[in-house]
Amino acid sequence: MRNRFPSLSLSSYGASWSANRRIAIVAAAVAVLLALAVIVALLTGGGNGHQTPDSAAPALTGSSPSSSEAAPKPSSGSGSVPGPPQIAEPVAYAKAAAQMLWSYDTRDTSRDQQLAGMRAWMTTETKYADWASVAGQVPDPVLWSRMADQDQHASAHITEGHYPGAFKQALAEDPSAITEAYIYVVTVNGKQQISWKKGGGGAEDRAVTLAVQCRPNHDCSLAAIAPSVTQ
């Protein structure tokens, strides 16, 4: 049977990124730079369609959290979720963020801790932060609990990160337009290794497109996860 971990299958929750929030975030990085047609191509292209490997655990169906779900308080801790690195380069930060998103350990990290750890990577500029697109990667409490029953955990290896072609073209055409929000669009590719009880496990290729904010003289932060992968 298949045990799907929605938090890491980005296409499962692409629809949860509201149109209004998508416009607010992407406009800062792309809409100012390109015509509407290019924005559509950048954000609403084909989904990544990735699924989690087969598992000996029971098949589980999760649902995405409400877009209004509040982030857990920092006091709840972050379990095995690493803290955000002090990196001021968009691609390097996006690669670190993707590794964080594709890694988890239900053996020692609660769902609230997972969310709290992920929240620490977000930009504090609420105008550009789409927390719903990030929180939506974490399965509901029941599914997380059942994953924990199977000691499910995952690690990730990042192979590369790059600016999508449309974004590079837009930046070349109007380099100054990005200086309002300093949000960069970065696509990251890698491989995820998932393990569970009784030696179960599997690996699969992953890809994600992130919106990363990197203001001059400041460390980068995560702004949003795009609903589809743009190469």
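Computed from the coordinates by the stated procedures, all read-outs in this text should not be read as laboratory data. Predicted, not measured: the structure shown is a model, and the values here were computed from it. Using ideal geometry, Cβ is built from the backbone for each residue, glycine included, and neighbour counts are taken over all protein chains shown.
Below is a table of values for the structure above.
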| item | result |
| --- | --- |
| Projected label distance in nm at VAL142 and HIS218, using a 7 Å step from Cα toward the beta-carbon | 4.1 |
| Net length gained if the chain between HIS157 and ASP205 were fully extended (0.36 nm per residue, minus Cα distance) | 16.3 nm |
| Local electrostatic count, ALA98, Cβ distance below 15 Å [Lys/Arg +1, Asp/Glu -1] | -1 |
| Nearby aspartates and glutamates by direct alpha-carbon distance to LYS191 (threshold 16 angstrom, same-chain neighbours under 8 apart not counted) | ASP54, GLU160, GLU204, ASP205 |
| Loop chymotrypsin sites (Phe, Trp or Tyr not before Pro), the stretch 164-227 (other Cβ atoms within 10 Å of the site Cβ: 14 or fewer; DSSP) | none |
| The stretch 221-231 - phi-based ³J(HN,Hα) in whole Hz, Karplus 6.51/-1.76/1.60, Gly and Pro as x | 8, 8, 9, 6, 10, 5, x, 8, 8, 10, 9 |
| 3J(HN,Hα) from dihedral phi, the stretch 149-164, Karplus parametrisation 6.51/-1.76/1.60, rounded to Hz, x for glycine, proline | 4, 9, 6, 6, 8, 8, 10, 9, 10, 8, 9, 5, x, 7, 7, x |
| Residues SER176 and GLN231, FRET efficiency given R0 of 30 Å [Cβ-Cβ distance, rounded to 0.05] | 0.70 |
